[in-house]
Every structure is written in structure tokens, then in C-alpha cells.
1. Can you name the residue in segment 180-193 that is touching a Phe, Trp or Tyr at 6+ places or on another chain (Cβ under 9 Å) and either open to solvent by 40 Å² or more (accessible area, probe 1.4 Å) or part of a loop (DSSP other than H, G, I, E, B) (or both) and is also farthest from G228 (Cα to Cα) among such residues?
2. Among the residues of segment 130-138, is there at least one that is at negative phi and among the polar types (S, T, N, Q)?
3. Can we say G239 is within 21 Å of L157 (Cβ to Cβ), among the small types (G, A, S) and touching a residue at least 24 places away in the same chain (Cβ under 8 Å)?
4. Scan segment 76-87 and report the pairs whose first residue is closer than 15 Å to S39 by Cβ and open to solvent by less than 10 Å² (accessible area, probe 1.4 Å) and whose second residue is modelled with pLDDT of 85 or more and in a loop (DSSP other than H, G, I, E, B), with Cβ atoms within less than 7 Å and a gap of 6+ or a chain change.
5. Could you name every one of the strands (runs of 3 or more DSSP E) located completely within segment 227-323 that has at least 1 residues being among the charged types (D, E, K, R) and surrounded by 17 or more Cβ atoms within 10 Å (Cβ to Cβ)?
6. Regarding A166, is this residue open to solvent by 60 Å² or more (accessible area, probe 1.4 Å) and at negative phi?
7. Quick one: I186 ticks every box in (1) modelled with pLDDT under 95; (2) farther than 26 Å from G245 by Cα except a single one, so which number is it?
8. Any idea which of L153, L163, L144, L219 is over 22 Å from I82 (Cβ atoms) and not β-branched (V, I, T)?
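The values are calculated or read from the model by the stated rules, or taken from the named source; none is laboratory data. Computed from a predicted structure; not experimentally measured. Positions of Cβ are generated from backbone atoms using ideal geometry, with glycine treated the same way; all protein chains shown enter the neighbour counts. Accessible surface is based on the protein model in full, side chains and every heavy atom, while ligands, DNA and RNA are left aside. Shrake-Rupley method; radii C 1.70, N 1.55, O 1.52, S 1.80 Å.
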Amino acid sequence: MICKESIVMQNIRATSKKKIVIYRPLAIDVDGVQVPVASWYPRVSIYDDEQSSSPFTASPIEPTSVSQQRQDSNKVVYEHRISVKKIGKMLAGWNLIPSFAYRDFSLRPSFDFGNGNIQVVSFSEDDDKLPNPAPVVILAHGYLGSRFDLSHLGEMLASEGFLVLAPEYPESLADSFDPFESSSGITIDRTAITAELLSALTNKWNLQPASFGVVGHSLGCGTVERTGDETWSRVCLAGYPSSRGSSSLFVGSNNDGAVPLARALQALQALNFSRLDQDYLKAKKYQSTFPKRSYLIFEGENAPNHISFLAEGPCDSMVQFLSPLLPLARFLGIPV
């Protein structure tokens with residue numbers, strides 16, 4: 001199975017206490033273009049069966065559409081669109097594909113309603129606040145990915161008290177915005193989007209982040225390397241390890257056919273990263289924190305491939321939609 005449940009999620013589902021996570025679609029203005037941002041954060045009372053005070057205070061943010069605010073909390077969906085026009089333009093430079101060549105998917109959270117110890121609900125007027133102060137984590141998807149690629153990590157991190165933000169980057173397969181339609185005429189890139197997102201945290205949403213972290217998959221590892229200062233925590237998945245900062249984790253697989261693992265291993269050795277043992281980790285024998293700079297390599301015939309690091313919903317929708325197009329792409333010499 002290409003898109004299978006991660007070891008991390010299997011372990012989380014085994015616990016019992018339920019936590020409430022709010023999902024909220026946001027947007028930022030980047031040079032006149034509205035760029036969507038998926039967000040996850042803990043309800044002010046993190047546990048639904050506790051009345052104890054939260055470690056967070058709340059800060060108001062600007063309301064989004066009424067239709068979004070009134071989503072049934074029992075039917076949380078991530079509205080995801082895969083655009084053939086966008087894919088053709090990204091891979092082959094084609095501009096002739098009609099804009100209506102797309103397919104919409106309504107994805108369920110990885111921690112579906114009532115399944116496991118995390119309950120993801122849509123925000124309501126009562127939840128119209130972001131945690132403040134709170135540790136902030138940015139999720140950076142890869143080439144032809146989407147803001148929902150790492151939604152399973154967003155849900156999990158939010159359940160632990162993090163404010164998680166996943167912007168849509170220009171290389172997304174979702175045609176959610178046109179990076180060439182900026183007010184200045186300058187093409188919008190990842191750096192501009194990340195910079196505007198960080199600005200919005202303090203200037204638009206009046207937040208005071210307690211700390212910062214960034215997680216990237218594949219091409220998103222480049223975003224990890226370029227974002228923030230030396231105090232940020234960094235995680236790179238199925239890409240290239242970050243050389244910056246004192247707190248960094250790399251996760252790769254010997255079944256990754258898209259990014260050569262040998263190149264990453266050379267860098268990890270040169271950067272003095274400490275290797276984590278896969279079996280030891282699965283047995284939950286790490287009783288303390290990991291080394292500040294460490295890496296984990298999945299090995300064996302059942303090790304994940306490049307897209308197995310993604311959340312199951314976005315991964316399955318991509319495979320389902322794009323598989324019929326692969327023979328044509330290969331015939332035309334498109335690098336896929």
C-alpha cells in the first residue's frame with residue numbers, strides 16, 4: 001500500500017485521553033494575492049474532559065467566511081483541489097490546458113472524528129482565537145504538494161499545544177492562486193510567502209510566539225534551511241538535512257526513489273548528526289529527549305517511499321487522480 005499509516009500515528013491511537021484540535025482555514029495577502037494557509041491549534045482547554053485552566057491565553061484574529069465558520073464540527077473536511085492545468089504548467093510549461101480541468105476532494109482529517117485520542121473539529125465563533133503565546137510550527141510541502149500534505153503532523157502537534165501553520169506554496173498541484181498575478185509584477189515565491197506569514201503572526205493576528213519550528217518534506221527541506229534564525233527547530237523529511245541551528249532532525253528511507261539517500265547520509269555524517277535506532281524507537285525505549293541533531297532512517301522492504309511520508313488523504317487523492325496520467329506523461333517525456 002503506497003499511503004499507509006505511520007508508526008507515529010499508530011502509537012498515538014493507542015493512547016486513551018482525547019484532545020480537541022481546531023482546524024481553521026486562513027489566508028494571507030502576499031503582494032496582492034490571497035494565499036491560503038491551513039491552521040491547527042489546541043482548543044483553549046486542550047482536553048475535552050478537563051476543566052483545568054489552559055497554559056494559553058487567546059488572541060482574536062480576523063474572521064473568515066461565514067460558510068467556513070458554520071461547518072459542522074462532526075464533519076471536518078479539508079477542501080482540496082488538484083489542477084491538471086497547474087500540473088501541466090509546472091512540469092511541461094503548458095498553458096493551453098483549460099482551467100476547468102481539475103478535481104475536488106473533500107479530505108477527512110487523519111485523526112477522524114471520534115477515532116483515536118485526538119478529535120479534530122472546525123472552528124466556531126467560540127473558538128475564534130489563536131493560542132497566545134504558543135510555540136509555532138510551519139509546515140512546508142514539497143514540489144507538486146499541497147498545504148494538506150503534512151496535515152497528520154499538524155493535527156498531532158496541535159494536540160500537544162502547538163499552533164501549526166501550513167501555507168500553500170507556488171509549486172502546489174492545487175490551483176489555489178496564481179504566483180504571477182502579484183501587484184508588483186514580481187513572481188511570488190516561497191520566501192515571500194513565508195515572510196508574509198511570519199509578519200502576519202505579529203502584525204495581523206497580534207500573537208507573541210513562544211518559539212518557532214519548521215518541518216519540510218522533499219523540496220520543503222529547502223524552505224526549512226532558509227527559514228528563521230539559529231534558534232529555530234528544524235525537521236526535514238525525505239529530502240536533505242538542514243545544516244542550520246542546534247536542534248535538527250532528519251528522517252529518510254532506503255525506499256525513497258525520488259531523493260537519493262546516499263547524498264543525505266554523507267551530509268549527516270559531515271554535520272555530526274546522531275543516528276536513532278528504528279527498532280529502539282518503536283519499542284519506546286527512549287526515555288529522554290533525542291540528541292539535538294539526530295536522524296532516523298527507515299530500512300527494509302516495507303520502509304516508506306517518498307510520498308508515504310504524507311498524510312493518507314492527500315497521498316491517496318494524488319495517486320488516484322494522477323495514476324491514469326502517468327503513461328501519457330512518460331510518453332511525452334515529462335519528468336515524473
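1. T187
2. Yes: segment 130-138 contains one or more residues that are at negative phi and among the polar types (S, T, N, Q).
3. For G239, the condition - within 21 Å of L157 (Cβ to Cβ), among the small types (G, A, S) and touching a residue at least 24 places away in the same chain (Cβ under 8 Å) - is met.
4. Final answer for the pair search is V76/P109; Y78/F148.
5. Where strands (runs of 3 or more DSSP E) fall fully within segment 227-323 and carry at least 1 residues being among the charged types (D, E, K, R) and surrounded by 17 or more Cβ atoms within 10 Å (Cβ to Cβ), they are 233-237, 293-298.
6. It is false that A166 is open to solvent by 60 Å² or more (accessible area, probe 1.4 Å) and at negative phi.
7. Condition not satisfied by I186: (1).
8. L163
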